[in-house]
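A short reminder: the numbers here are calculations on the coordinates, not readings from a lab. Note that the structure is a prediction, hence the values are computed from the model and not measured. Positions of Cβ are generated from backbone atoms using ideal geometry, with glycine treated the same way; all protein chains shown enter the neighbour counts.
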Amino acid sequence: MPGKSRNRPSPRPTLARRFAVRAGFWVALITGTVLAVLLTIQLLPDRVSLRLGQAAPEDIIAYRTVRYLDERETERLRAEAAAAVPKRYAVDPNAASEADAEARRFFAVAMEVKSLRAKSAGRPAPAEAELPPVLRDGPLRTALTLDGATLDRLAGQTAGVVRRLMKEPIRNDTDDLSRLRRRIPGEVAAFALPAREHALLGVVASAVLRPNRLYERQATLEERQRAREAVEPYYRQVNRGEVILPRGQRVRQVHLDQLQALGLRRPHVDLTTALCLVLIAYGLVALTGFYLYHFQRRVYRQRASLLLLAIITTATVLLFRLGASALGLKLSGTQLGYVGVIFSATAAMLVAVLIQPQVGVFIGAMMAVLAGLIVNNDLRISILALVSSVVGAAVVSNIRDRAGLLRAGLYVSAANVVTSALVSGVTSPDAGAELATGTAWGVIGGFMSAFIFALGATLLERP
C-alpha cells in the first residue's frame, strides 16, 4: 500500500550511519594509538656510558622523576650511628679492694720473710711464692733491708696511693692502666721519701693496679646493631628535567648511582609506566568521543571534523613531545612544561576556528591534562595550559584579520603571565625567580601559540 511504503524506513541512512560510526571508531582507535606511541616513544632513554672520574661530554638531564635508595649514604649514616654508641663496660666492684689487699700483702710477706730468715739462717720463706713474679726479686730484696716500722709506714702509703688511683675508671682495652702508672711517681713524690723507699712504693703500687672496667664486647655489638637498625634508609630524589651531571664535570659515585636509578646505564622500558600512558591516551580519546556524542552530535557525525580533530591533536602532541629533541635542545622539566602550554593553547585555538569553539575549549582541557602528565604530574603546568587554552579558543573564535591574530597573542600572553604569577605565589617557595621565568615564558608562549596557530590554520583551513 502507498501509506505503508511511505512509512518504511529507507536503508540508505542506516548504512550511512553505520559507516559513520565505524569511521569514527577507526579514527578514534588510530588517534589513541598515535597518542600512545607519542607518549611512550621516549621511555627508552639513550645509554650513558660514563666511568668514575670521566668528564661529562654534555649535560646529563633526568628524563623522569625517580626516588631511589642511596645505599652508600645509608651505610654511612648507619656506621655513624653505630660509632656513636659507646663501648659497654662491666664494673668490677672488687678491683679496688683486691688491689689494696695485694699492696698490703706485699709488705706483710716482706716482714714475714724477714722474720723467718732471721730465725732459719736465710732459708726461703713459703710466703715468697704468693707474690707476683715482678715483686719477688728486686722489690722484695729492697723491702728486706728496711725495718718493720718503715715497712708498716710504706704499706699504708702504698695502699693510699692505690686507693686514690683505683677510684678512676680503668678500662681493660685501653691505655688507662699505663696512663695511671705514669702518674704514680707524682703521687709518691708528695711523701718526700728517700730514693730507695720512693722506688719501692712506686714499683709495688704499679704492680697491684688493675682494670676496674671490663669491656663487654657482645653487649656493645648488640647495642650498636640496634643503633644501625634504627637508622631509616636514606632515599634521594631526582626530578624530571634536573641536570644531574653538568657538562665538563667529573663523574662521582653519586652521579653513577643516579644514572643507575634512572636506568641510563642499562636502559630499559618501564612497562608499568608505558601501560598506564597507553591506557590514559585511549581514555582521553574515549572521553572526547563521549563528550562529542552527548554535547556536539553534529561534530560527532561529521567524519571530516573527526579526522581534522585527530590531525590537530596528534600533530600538536607530536610537536610538543619531539620538537625539542629534533632541535637538539635539552629542556628542564619546567621549560618542557611551558612548551606544553604553548601547544595546548595552539590545539585549542585551531579546533575553535576550524571545527567549533566549545570543542576547542574541551580539547584545550584534554591537552592541559597531557601537558601536566608529561612533565611529571605538574599541576601548575596543567593550570597554565588550561587557562591559556580557554583564553586562546575564546579570542580566535571570531578572528577576522591579522589584527585579531596580534590581539590573540597579546591576550594569551597576558593570561599566561597573570596565571603564572598567581600559581607561582601559591606553589613555589621562590616566587620571585619563578615570576621572572613565568613572565618570560608566558609572553613568548602567547605569541608562539598565535604564530603556530596561524601556520596551522593556513595549512588545515578548508577551501
- Message: Against the empirical 2.2 N^0.38 Å scaling, what ratio does the C-alpha Rg of the range 334-413 come to?
- Response: 1.03
- Message: How compact is the range 90-210 by the rule of thumb for globular proteins, expressed as Cα Rg over 2.2 N^0.38 Å?
- Response: 1.08
- Message: Quick check on the range 210-320: what are the equivalent-ellipsoid semi-axes from the Cα gyration tensor, as sqrt(5λ), descending, whole Å?
- Response: 59, 21, 10
- A chain fully extended from ALA55 to ARG250 at 0.36 nm per residue, minus the present Cα-Cα distance, gains in nm 69.8 nm
- Task: Rounded to the nearest 0.05, what FRET efficiency do ARG171 and VAL243 give with R0 = 45 Å and r taken as the Cβ-Cβ distance? Could you check?
- Result: 0.30
- For labels at GLU73 and GLU216 in the simple 7 Å Cα→Cβ model, what's the distance in nm? 3.6
- Task: Would you mind putting 441-452, 388-399, 28-39 in packing order, based on average other-beta-carbon counts within 10 Å, highest first?
- Result: 388-399, 441-452, 28-39
- Would you mind counting up the charge near LEU200? Only other residues with Cβ under 12 Å from its Cβ, with Lys and Arg at +1 and Asp and Glu at -1. +2
- Under the Kirkwood approximation for Rh and a Cα-based Rg, what ratio Rg/Rh is obtained for the range 275-423? 0.97
- Note on the structure: Expected sort for 402-411, 355-364 on mean C-beta neighbours within 10 Å, highest first, is 355-364, 402-411
- Grab the beta carbon distance between ALA108 and ARG164, set R0 = 25 Å, and tell me the FRET efficiency rounded to 0.05. 0.75
